[in-house]
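See below for the structure under consideration.
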Amino acid sequence: MSTNLAVSDFDFVMQHSLMAFTEYTFRELFPQTHFSDSPHLSILAAKLEQCASGKCKRLIICLPPRSLKSIMTNVAFPAWLLGKRPHLQLICASYGQSLADKHARDTRTIMSSADYRRAFPTRLPPQKLAVDDFHTTQGGFRMATSVGGVLTGRGADFIIIDDPIKPRDTFSETLRKYVNDWYDNTLVSRLNNKQDGVIIVVMQRLHQDDLVGHLLEVGEWDVLCFPAIAEEDEVHVGQTLFGEFHFERKAGEVLDAGRENRKTIEKIKHELGDYLFQS
């Protein structure tokens, strides 16, 4: 994000562009690391903005590891949502509590930053700052839990499921079924409003019967999928307050050549083997 913007312009962009807000989040959390502004991130941000506005209520995001999917979806997006609508209630789940807490801690760090506090009216009361369940002064909250965690008495307007199962656990039919049953029997019932509530699942595909495979069999979902190497020609269109934009890839092109070129990815494929790489 440009540092030459006037303060009022900077605040406006922070408030109305999730992509710009994600870049701010990344630079705040990792000031020594280069931010790779890949076009697929703008498409992802535009789709999440549709979730925020209620145009998309069920979204699956499939991206390879280390492609910023968790930073955008599970760190920046909750902070951005609560900045704009501080009364919202969010439940964010990951495969383990330590991972869920890590993302929650990052969200809380961003919401406590000076730029965030200037751009948004949302405030966090000091007496309700537990990393796994922090609140806003307007009654909203971000609750972090693990898959299988107890949610009795809790509800949410947005549910975000980020990496619900460890890669090695997907080889176990028992563990895959455990995750899928927890979603069916516990998590989905936690929506405050079954008609207007939003559920977002973000993960890398690991097995045909993983949570994404299960959800696609039983319901209608918007799916945003970006393989590390395009399997076919792709055309993606994003629509935001700042206009429409396109992201196109030909079959065989990598997702972000600036970070991982084809030679690098082919080396990883050779090291992992075809089965693990395809997952």
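Inspection of segment 26-49 finds no residue satisfying the criterion of being at pLDDT 90 or above, hydrophobic (A, V, I, L, M, F, W, C), over 17 Å from the mean Cα position of the chain (by Cα) and under 19 Å from L81 (Cα atoms). D101 - would you say it is surrounded by fewer than 20 Cβ atoms within 10 Å (Cβ to Cβ) and in contact (Cβ under 8 Å) with a residue 24 or more places away in the chain? Yes; evaluated as a whole, the condition is true for this residue.
Considering only residues that are touching a residue at least 24 places away in the same chain (Cβ under 8 Å), within 25 Å of T136 (Cβ to Cβ) and either over 12 Å from the mean Cα position of the chain (by Cα) or not in a helix (DSSP H, G or I) (or both), which ones fall in segment 51-79? Selection gives A52, G54, C56, K57, L59. Of the residues L129, L175, L191, the single one that is more than 29 Å from P227 (Cβ to Cβ), at pLDDT below 95 and either out of contact with any Phe, Trp or Tyr (no Cβ under 7 Å at 6 or more places or on another chain) or of a type in the set (K, R) (or both) is L129.
Residues that are assigned to a helix (DSSP H, G or I), farther than 21 Å from L211 by Cα and small (G, A, S) do not occur anywhere in segment 28-39. Within segment 162-175, residues that are assigned to a helix (DSSP H, G or I) sit with their Cβ atoms under 7 Å from residues that are of a type in the set (A, V, I, L, M, F, W, C) and surrounded by fewer than 20 Cβ atoms within 10 Å (Cβ to Cβ), at 6+ positions apart or across chains, in these pairs: D169/L175.
The values are calculated or read from the model by the stated rules, or taken from the named source; none is laboratory data. In this text, all values refer to a predicted model and were calculated from it rather than measured experimentally. FYI the Cβ positions are ideal-geometry reconstructions off the backbone, even for glycines, and counts take in every protein chain you see.
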